[in-house]
Amino acid sequence: AEVEPKRRRVLLKLSGEVFGGGKLGVDPDTVRGIAKQIAATVGQVEVAIVVGGGNFFRGAELSQSGMDRSRADYMGMLGTVMNCLALQDFLEQAGVDTRVQSAITMGQVAEAYIPRRAIRHMEKGRVVIFGAGAGLPYFSTDTVAAQRALEVHADVVLMAKNGVDGVYTADPKKDPAAEKLDSLTYDDAMRRNIRVMDQTAFSLCKDNKLAMVVFGMEGEGNVSRAILGEKIGTFVSA
Ligand code: UDP
């Protein structure tokens, strides 16, 4: 029997900002658009997605207003699950088979996070959406994206950003001389103290030699292009 060539497998990180279209909550038209872009790649690439929750709550911000940090972080994690369900709905409407896996058990709305099952779903052509972060306070979904990418053996982690289209030599919003980089190493990123990603995510990728693409959501078809492996944004490697 013919052996099927192994498909590329990617882990896409979508931050909460992406879902809200800049506002609190979920903007259906925005999510529908992203779902269509993901749907356009199905069958060619295996896709898993880690979803952020900053459009609902960020634990660090709530704790600054006096909440207990861990409880606030759990609120943040629960927010990510709402984004997962929105994305799942629009993906299914676009004809894509999906599964949501949550790091916090909630059997009515999502499977539990079971990495081997996630891999099996992807092999069958399903898109797996990971919610509730790591299930652990004091973590960010960027770090979880790196961790999940490693655990499901993704070839690359794709970090979708709002308002910036890659890694710059300085913060482009503050420094007009900032230049976009086509590629850099994790050592460079950490030495330059680059803020586009959290340092834990960088160091996890570095230590395990996982490649990363940082790219902007703005621009026609950017999510599809990143998933399909087109040169886009900034390539970060060990
Ligand atoms: N969070 C957490 N542990 C995790 C992932 C997320 O405690 O493993 C919480 C944390 O409070 C965070 C919030 O969930 O602020 C939303 O996630 P994040 O800020 O990473 O979302 P994004 O910035 O990507 O929208």
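A few remarks follow.
- If you go through region 212-221 and keep only what is of a type in the set (A, V, I, L, M, F, W, C) and over 16 Å from E151 (Cβ atoms), you end up with V213, V214, F215, M217.
- Across region 104-150, the qualifying residues are those that are within 7 Å of the ligand (Cβ to nearest atom), touching a strand residue (DSSP E or B) at 6+ places or on another chain (Cβ under 9 Å) and part of a loop (DSSP other than H, G, I, E, B), and the one among them that is nearest to I34 (Cα to Cα) is G133.
- Residue list for region 47-95, filter: within 12 Å of the ligand (Cβ to nearest atom), surrounded by fewer than 20 Cβ atoms within 10 Å (Cβ to Cβ) and in a helix (DSSP H, G or I): A60, E61, L62, S63, Q64, R69, S70, R71, Y74, M75, L78, M82
- Boolean, A154 is at pLDDT 95 or above, outside any loop (DSSP other than H, G, I, E, B), within 30 Å of V109 (Cα to Cα) and in contact with a Leu (Cβ under 6 Å, 6 or more places away or on another chain): no
- Hits in region 123-151 (condition: in contact with a helix residue (DSSP H, G or I) (Cβ under 6 Å, 6 or more places away or on another chain), surrounded by fewer than 20 Cβ atoms within 10 Å (Cβ to Cβ) and within 16 Å of A201 (Cβ to Cβ)): A134, E151
- Of all residues in region 154-191, those that are surrounded by fewer than 18 Cβ atoms within 10 Å (Cβ to Cβ) and touching a residue at least 12 places away in the same chain (Cβ under 8 Å) total 11.
- Within the option set A35, A39, being of a type in the set (G, A, S) and in contact with a helix residue (DSSP H, G or I) (Cβ under 6 Å, 6 or more places away or on another chain) holds for one residue only, A35.
The values are calculated or read from the model by the stated rules, or taken from the named source; none is laboratory data. No experiment lies behind these values; they were computed from the predicted model shown. Counting neighbours? That spans all protein chains shown, and the Cβs are built from the backbone with ideal geometry, glycine included.
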